[in-house]
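The values are calculated or read from the model by the stated rules, or taken from the named source; none is laboratory data. Please read these numbers as outputs of a predicted model, since none were measured by experiment. Please note: Cβ atoms are built from the backbone with ideal geometry, for glycine as well, and neighbour counts cover all protein chains shown.
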Number of protein chains: 2
Amino acid sequence: MGKAAKQAAFQLATTSTAKKNEALAIIADELEAKADVILAANAKDIAKGRESGMSEALLDRLLLNPERLQNIAGDVRNVIKLNDPIGSELESKVLENGLSLAKRRVPLGVVGVIYEARPNVTIDIAALCLKTGNASILRGGSETFFSNIELVKVIQSALEKAGLPAESVQYIDKPDRELVSQLLKLDEYVDMIIPRGGAGLHKMCKENSSIPVIIGGFGISHVFVDESADLEKSVQVVANAKLQRPSACNALDTLLVHERVAEPFLAMLAELLKDKITYVVESATCEKMPKVPNMRLAQDGDFDTEWLSYTLGVKSVASTAEAIEHMREHNASHSDAIMTNSIENAELFINSVDSAAVYVNASTRFTDGAQFGLGAEVAVSTQKLHARGPMGLEELTSYKWIGKANYLSRP
Amino acid sequence: MGKAAKQAAFQLATTSTAKKNEALAIIADELEAKADVILAANAKDIAKGRESGMSEALLDRLLLNPERLQNIAGDVRNVIKLNDPIGSELESKVLENGLSLAKRRVPLGVVGVIYEARPNVTIDIAALCLKTGNASILRGGSETFFSNIELVKVIQSALEKAGLPAESVQYIDKPDRELVSQLLKLDEYVDMIIPRGGAGLHKMCKENSSIPVIIGGFGISHVFVDESADLEKSVQVVANAKLQRPSACNALDTLLVHERVAEPFLAMLAELLKDKITYVVESATCEKMPKVPNMRLAQDGDFDTEWLSYTLGVKSVASTAEAIEHMREHNASHSDAIMTNSIENAELFINSVDSAAVYVNASTRFTDGAQFGLGAEVAVSTQKLHARGPMGLEELTSYKWIGKANYLSRP
């Protein structure tokens with residue numbers, strides 16, 4: 001499988017944008033044309049899930065219906081419209097030694113993606129890899145087994161119709177977990193592993209892979225409300241960061257508030273959020289909290305918890321420096337914001353907080369490929385190598401150096 | 001050690017270029033002022049090496065003398081002159097959603113470097129990491145134990161004199177190999193591992209590290225002489241690529257030559273190189289070779305061998321496509337060149353050869369940080385994530401996204 005992918009990657013690397021877009025267009029068309037077969041396969045997954053006692057929320061995540069399938073095809077058509085980054089030159093110069101040198105964007109080669117639940121990820125990743133000339137080896141969750149098999153069949157037949165190798169997109173179609181471990185050791189053929197799933201999957205990949213892994217999606221998100229902040233506007237930002245989509249990785253986990261404004265700010269917040277939120281409050285901060293129905297004292301580990309729900313950690317601090325110190329101790333690495341009117345504190349915060357995205361007077365929810373204007377999002381990286389923050393098409397590329405001379409035998 | 005490094009990294013991240021340069025200047029001065037102590041420690045390493053029967057070549061690699069120490073101090077002063085990449089903005093835009101977004105270059109954080117033999121690497125890496133605001137954890141070979149201990153003492157006392165944390169540069173000063181395994185698991189504190197040494201070290205790091213590793217320095221280097229090439233000039237390029245420094249990773253390993261020009265070209269080459277080279281020749285190519293003293297038939301594995309010596313593999317091929325096919329099968333990934341006068345073949349070669357650096361009518365020896373105008377070289381990466389080819393200061397950096405708004409509660 002690795003060898004076949006590498007071979008396909010060689011061909012994809014020199015495939016024109018027009019040809020890649022043609023394949024994507026056929027994939028989109030075929031998704032619609034073969035809707036019946038795909039939905040029938042999906043019904044089998046749903047039946048199996050229901051049998052095994054899967055929750056309604058999870059069942060909904062893996063459900064496909066005509067409308068959702070239409071949306072997936074629409075997403076593929078959107079990828080066609082995106083700029084193909086391959087072939088562009090990042091730098092080019094003539095050196096003193098006479099060499100004319102260019103740094104050209106090229107595909108990574110073969111990308112391995114391990115993901116859970118939602119079947120749209122299969123199409124999504126395959127389309128983004130194809131657009132950037134990468135071959136992909138996919139491994140979805142067992143819950144979506146039947147759906148994924150059909151979706152990959154559609155992709156592979158579309159690739160063949162477009163005259164591209166079917167092995168450009170391959171799927172590990174045996175449930176055996178051992179196969180994932182094997183995939184992680186294929187460093188001779190696979191150039192990057194993207195795990196899309198929970199912390200356990202990321203840890204497993206990080207510890208067992210001999211292939212570079214993109215780690216992401218985790219980290220406690222903080223908003224610090226400084227004493228100089230516009231409190232009325234800040235309360236709106238906090239509400240947005242917490243309530244808009246609590247299950248997202250860029251949703252607010254911990255609210256830090258300057259002690260001089262803690263009382264009025266927390267009163268305004270309680271008034272706005274009413275009973276929508278459970279507050280987990282640091283003990284010294286309690287006396288500054290208004291009476292609210294859902295509140296408990298923070299315990300060890302609470303400020304290291306990514307809530308992914310309607311829970312909010314609250315702590316008052318004496319300064320921007322103390323807020324930064326708290327964030328360093330409690331795993332800030334994804335998205336963090338300061339609300340302030342002080343240039344000095346804003347700069348201190350920006351320079352000192354070591355996260356993928358740092359905001360001044362803006363919501364942590366901005367951390368997103370679409371919001372950042374990247375067109376598509378492959379993952380959100382919280383590591384520092386290769387890519388940090390939302391990863392779009394460019395982050396699925398590498399570069400090569402191209403040197404031309406006139407038979408100079410120097411150096 | 002990891003915790004202390006992370007703490008130092010936080011401080012270095014916001015240290016001004018002037019302060020970092022001040023520390024580098026003190027390091028250079030102290031290297032000269034404390035020459036006696038350093039040379040005495042080095043003499044102990046040399047004595048120990050001689051006792052254990054180390055070869056003269058290896059002893060020479062680890063020898064320091066006043067002149068070499070002077071050169072090392074000079075290298076540190078050169079790093080002062082290099083542009084500090086930290087803080088520059090790679091991109092900045094105002095998005096439709098009202099967010100003013102910038103992508104700013106920041107240090108990686110903590111860099112772990114594992115290396116062998118030469119004591120100058122200790123100073124070299126420490127200086128490049130310091131310049132880019134990274135803390136470093138170093139682990140040198142046991143052969144240079146005494147020298148490295150003194151060199152790190154000099155660095156740490158210089159850091160303190162400059163008002164920077166001594167923990168900015170730390171050294172693992174126990175011979176225990178288990179400590180290296182522990183370093184490779186410190187993903188909570190260390191952001192990147194650079195192994196500088198043989199293939200065994202790279203493999204060990206790749207397989208055992210939960211921290212991203214930069215793999216590099218390996219790969220078979222090829223020159224393909226096409227039928228349209230200027231043979232007289234090409235023979236000079238081949239001589240340069242093979243003879244200038246055979247032990248370098250960008251030195252030529254395999255010469256591929258178009259069958260239509262194989263006979264005259266190989267005759268010219270034998271004439272120029274005389275008995276300097278041992279030729280390892282593919283069997284069908286033998287009849288095209290002139291009579292030369294040192295020649296043997298190629299066997300299995302010969303074209304997968306990085307010679308690092310005065311040996312040259314030779315094979316004739318029927319086309320540029322066959323040359324590319326050979327290179328794909330035989331691990332081209334570092335530096336490869338085509339000699340040609342055909343634009344079509346040059347483009348085919350550039351686009352199809354999947355190596356860090358690809359050349360047209362130029363020597364593979366160009367792959368080098370200094371030649372590429374990067375000012376310094378940390379390593380030569382042959383992986384595709386993060387950095388490919390010679391890595392300079394910029395490749396020791398990451399970036400963060402900085403978003404500013406006016407309390408917009410969108411998205």
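Structure data summary
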quantity: Residue check for B:Ser92: closer than 23 Å to A:Glu91 by Cβ, of a type in the set (S, T, N, Q) and over 24 Å from the mean Cα position of the chain (by Cα); calculated: yes
quantity: Residue within the stretch A:285-302 that is more than 30 Å from A:Gly198 (Cβ to Cβ) and acidic (Asp, Glu) present; calculated: yes
quantity: Sole residue being under 27 Å from A:Gly2 (Cα atoms), within 14 Å of another protein chain (Cβ to nearest Cβ) and either assigned to a helix (DSSP H, G or I) or in contact with a His (Cβ under 7 Å, 6 or more places away or on another chain) (or both), chosen from A:Ser181, A:Ser234, A:Ser210; calculated: A:Ser181
quantity: The stretch A:74-120, residues that are out of contact with any strand residue (DSSP E or B) (no Cβ under 9 Å at 6 or more places or on another chain) and within 10 Å of another protein chain (Cβ to nearest Cβ); calculated: A:Glu96
quantity: The stretch A:48-70, subset in a helix (DSSP H, G or I), out of contact with any helix residue (DSSP H, G or I) (no Cβ under 7 Å at 6 or more places or on another chain) and loosely packed, with under 12 Cβ neighbours inside 10 Å, residue modelled with the lowest pLDDT; calculated: A:Ala57
quantity: First in the stretch A:126-145 and in contact (Cβ under 8 Å) with a residue 12 or more places away in the chain and closer than 20 Å to A:Arg61 by Cβ, second anywhere and assigned to a strand (DSSP E or B) and among the aromatic types (Phe, Trp, Tyr), Cβ under 8 Å, 6 or more apart; calculated: A:Leu138/A:Tyr115; A:Leu138/A:Tyr171; A:Arg139/A:Tyr115; A:Arg139/A:Tyr171; A:Gly140/A:Tyr115; A:Gly140/A:Tyr171; A:Gly141/A:Tyr115
quantity: Filter result (buried (at least 23 other Cβ atoms within 10 Å of the Cβ), within 12 Å of chain A (Cβ to nearest Cβ) and of a type outside the set (A, V, I, L, M, F, W, C)) within the stretch B:241-269; calculated: B:Lys242, B:Asn250
quantity: Subset of the stretch A:319-332 [of a type in the set (S, T, N, Q) and crowded, with 23+ Cβ neighbours inside 10 Å]; calculated: A:Thr320
quantity: Residue under evaluation A:Asp84, criteria (1) modelled with pLDDT under 95; (2) under 28 Å from B:Gln383 (Cβ atoms); (3) assigned to a loop (DSSP other than H, G, I, E, B); (4) not aromatic (Phe, Trp, Tyr), criterion not met; calculated: (1)
quantity: Residue match in the stretch A:389-399 (condition: touching a helix residue (DSSP H, G or I) at 6+ places or on another chain (Cβ under 8 Å), touching a residue at least 24 places away in the same chain (Cβ under 8 Å) and either of a type in the set (Gly, Ala, Ser) or at the interface with chain B (Cβ under 10 Å from one of its Cβ atoms) (or both)); calculated: no
quantity: In the stretch A:158-173, the residues that are surrounded by fewer than 15 Cβ atoms within 10 Å (Cβ to Cβ) and over 26 Å from the mean Cα position of the chain (by Cα); calculated: A:Glu160, A:Lys161, A:Gly163
quantity: Selection within the stretch B:213-230 - within 14 Å of chain A (Cβ to nearest Cβ) and at pLDDT below 90; calculated: B:Ile215, B:Gly216, B:Phe218, B:Gly219
quantity: Near pairs, Cβ below 9 angstrom, 6+ apart or cross-chain, from the stretch A:349-362 (at positive phi) to any residue that is in a strand (DSSP E or B); calculated: A:Asn361/A:Ala337; A:Asn361/A:Ile338; A:Asn361/A:Met339; A:Asn361/B:Lys404; A:Asn361/B:Ala405; A:Asn361/B:Asn406; A:Asn361/B:Tyr407; A:Asn361/B:Leu408
quantity: Failed criterion for B:Ser136 (all others in (1) part of a helix (DSSP H, G or I); (2) touching a strand residue (DSSP E or B) at 6+ places or on another chain (Cβ under 8 Å); (3) crowded, with 24+ Cβ neighbours inside 10 Å hold); calculated: (1)
quantity: Qualifying position, being under 22 Å from A:Ile215 (Cα atoms), crowded, with 16+ Cβ neighbours inside 10 Å and acidic (Asp, Glu), among A:Glu116, A:Glu150; calculated: A:Glu116
quantity: All positions within the stretch B:371-388 that are at the interface with chain A (Cβ under 9 Å from one of its Cβ atoms) and either under 13 Å from the mean Cα position of the chain (by Cα) or surrounded by fewer than 20 Cβ atoms within 10 Å (Cβ to Cβ) (or both); calculated: B:Gln371, B:Phe372, B:Gly373, B:Gln383, B:Ala387, B:Arg388
quantity: Some residue of the stretch B:283-304 being part of a helix (DSSP H, G or I) and closer than 20 Å to B:Gln236 by Cα; calculated: yes
quantity: Residue that is nearest to the other protein chains (Cβ to nearest Cβ) [pool: residues in the stretch B:349-370 that are within 18 Å of B:Val261 (Cβ to Cβ) and not β-branched (Val, Ile, Thr)]; calculated: B:Asn361
